[in-house]
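Enquirer: One structure, pasted below without further comment.
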Amino acid sequence: MKSTRVNEVNELQSLAKGHVLYFFRNQELYLSHVEEYIITGIKLNEYSVIIENDRLTSMIKHRLSKKLDDHRLQKVVFINNYDFYYAKGDFRVNSIFDYLPKVLDDYSEENAVVRSWAHVEWRDEEEISSKLLASEEEADAIVSDSRILSVCAYDSELASDDFKAGLLACHNYLLCDK
């Protein structure tokens, strides 16, 4: 089901569920948003699944280690974004619910509340825009059915205006930097 209306938000703390789109330009702001997202989730006793590249994962972990103890950090799971999106050999969305039992020892669907943050990156290949949009439509259905909060982050410089418009149609919210 495609989202019909996109609400602009400047922060994520007030959202409990929904499919959020974020076009970032500034790495420092990006890292701050991820950090805030994870810490808010921990305060709400939620798991955070962060789908990210290795370089930024290292930076995020470093920032979190200054603010959270090891017990709280157990609620945060990092998955390499390339492994996640190309797990089946071709770019496609995977459900985070397929990954959770593999990466969380105490995960059970009955009692776990999960939020996800996915930094969507792709390698050069033909027809990637249509694959990405099809994946986002599938992700929108997963998010709607499971009632989770999920952020999809894209480097603004790598996305064309037409592609951005297509992505907006698959999300409930657009995160805007302050």
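The values are calculated or read from the model by the stated rules, or taken from the named source; none is laboratory data. Here the structure is a predicted model, which is why all the values come from computation and not from measurement. Note: ideal-geometry Cβ built from the backbone for every residue, glycine included; neighbour counts use all protein chains shown.
Enquirer: Do the conditions hold for PHE91, that is, is it surrounded by 15 or more Cβ atoms within 10 Å (Cβ to Cβ), part of a helix (DSSP H, G or I) and at pLDDT below 90?
Expert: Working: surrounded by 15 or more Cβ atoms within 10 Å (Cβ to Cβ): yes; part of a helix (DSSP H, G or I): no; at pLDDT below 90: yes.
For PHE91, the condition - surrounded by 15 or more Cβ atoms within 10 Å (Cβ to Cβ), part of a helix (DSSP H, G or I) and at pLDDT below 90 - is not met.
Enquirer: Another question, if that's okay. Would you say ASN10 is farther than 20 Å from ASP140 by Cβ and surrounded by 11 or more Cβ atoms within 10 Å (Cβ to Cβ)? Step through it out loud before you land on a result.
Expert: Values: farther than 20 Å from ASP140 by Cβ: yes; surrounded by 11 or more Cβ atoms within 10 Å (Cβ to Cβ): no.
So ASN10 does not fit the description; no.
Enquirer: To continue, here is another question. Among the residues of region 36-71, count how many are under 25 Å from TYR86 (Cα atoms) and either assigned to a loop (DSSP other than H, G, I, E, B) or among the charged types (D, E, K, R) (or both).
Expert: Going through region 36-71 one residue at a time, the tally reaches 5.
Enquirer: What's the number of the condition ARG115 fails, among (1) modelled with pLDDT under 75; (2) basic (Lys, Arg); (3) closer than 26 Å to VAL76 by Cα?
Expert: (1) is the only condition that ARG115 fails.
Enquirer: Quick one: TYR82 ticks every box in (1) touching a strand residue (DSSP E or B) at 6+ places or on another chain (Cβ under 6 Å); (2) modelled with pLDDT under 95; (3) assigned to a helix (DSSP H, G or I) except a single one, so which number is it?
Expert: (1)
Enquirer: If you don't mind, another one. Within region 13-25, track down each residue that is buried (at least 21 other Cβ atoms within 10 Å of the Cβ) and in a loop (DSSP other than H, G, I, E, B).
Expert: none
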